[in-house]
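Quick notes on the structure that follows.
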Amino acid sequence: MERPAWAPKGIDISVPSVSRMYDFYLGGSHNFEVDRETARKAMEFVPGLPKIMQANRAFMRRAVNYAIGSGVTQFLDIGSGIPTFGNVHEVAQAAHPGARVAYVDHDPVAVAHSEAVLEGNERAVIAAADLREPGDILEHPGVRGLLDLDEPVALLLVAVLHFVEDADDPCAAVTELREALAPGSLLVLTHASYEGVPLPAEETGGAVGVYRDTRNPVILRSRAEISRFFEGYEMVEPGLVSMPDWRPDSAYVPAQEDPYAFSGFGGVGRKA
């Protein structure tokens, strides 16, 4: 297997990565053949995976604009992945040039590509850290140097918590992050679920099985389980809903949306 020139040295290009698979679903070019092969296997069970990822990205953009409109101009995006077009810093800084964005990811390819994309942008950084170690994120020099945690921050946990197993206590990680944020901060979250997928559970489970072959098995949780991550936050209307239903654009027509877009949930909460 030929190593692309942009691939960091030491990366095992024979092992699939969920961040590079996500990049593939969104039509990006920073993925390896093993990522594409694994993504295609998952799509044999759930053909609408690219549409789900597109709905996830569209939700993120609306949530970022909501944050800016609410006066929150600092963003901490954990599990940020590979920065494809329309990522957080582009959306936020287009709406407010002074917005500051700290990205966090543990995938070396995502980190390396983010460094290249963000070069020369003094209001955006990438930190190599893991959601499962929130203390490392909060004390990271890049994060601390860019964000003022005494002022409101929008914490983005977009399509990342479903890669944290219950044994790693994701609720504890989210709580630790919440406690470090100032009042008025926002939690922007999306999460995969069996609920809403227009397929029998066993077919969706086939895609889940494919992800077990990666280093990050996907954990599908119920709406009730996902809502626990918002403890300590006041939900912003319309609450925890399917991603297209969260503050859609004025031209949005639900009946014209792809059924797969309604898979999983998204929501925004505000810390009192």
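The values are calculated or read from the model by the stated rules, or taken from the named source; none is laboratory data. A quick note: this is a predicted structure, and the numbers were derived from the prediction, not measured. Neighbour counts are summed over all protein chains in view; Cβ atoms, including those assigned to glycine, are modelled from backbone coordinates with ideal geometry. Side chains are part of the model used for accessible areas, which takes the heavy atoms of the whole protein and leaves out ligands, DNA and RNA. Shrake-Rupley method; radii C 1.70, N 1.55, O 1.52, S 1.80 Å.
Report relative contact order for segment 21-106 in percent, whole number only (criteria: Cα-Cα under 8 Å, sequence separation at least 6). Kindly include the intermediate steps, with their values, before the conclusion.
Working: 83 pairs, mean separation 24.1, N = 86.
Normalised by residue count, the contact order of segment 21-106 is 28 percent.
Out of the total accessible area of the chain (probe 1.4 Å, heavy atoms of protein only), what percent is carbon and sulfur? Mind dumping the intermediate values first?
Details: 5900 of 11910 Å².
Its accessible area is 50 percent carbon and sulfur atoms.
Per residue, how much accessible area does segment 134-219 have with a 1.4 Å probe, in Å²?
Values: 3570 Å² over 86 residues.
That works out to 42 Å² per residue.
For the chain, a Gaussian network of Cα nodes joined below 10 Å ranks Ala251, Ala180, Ala42 by mean-square fluctuation, and the top entry is Ala251. Pairs of Cα atoms nearer than 8 Å and 6+ residues apart set the relative contact order; for the chain it is 20 percent. Mean separation of Cα pairs under 8 Å and 6 or more residues apart, divided by the residue count, gives segment 91-223 a relative contact order of 21 percent.
Work out, step by step, the length gained on full extension between Asp166 and Glu139: first 0.36 nm times the residue separation, then minus their alpha carbon distance; give nm to one decimal.
Working: separation 27, 0.36 × 27 = 9.72 nm, distance 2.42 nm.
Roughly 7.3 nm would be gained on extension.
Highest-first packing order for the peptide set 27-38, 201-212 is 27-38, 201-212, based on the mean count of other beta carbon atoms within 10 Å.
Once the chain from Asp258 to Glu151 is taken as fully extended at 0.36 nm per residue, the excess over their C-alpha distance is 34.7 nm.
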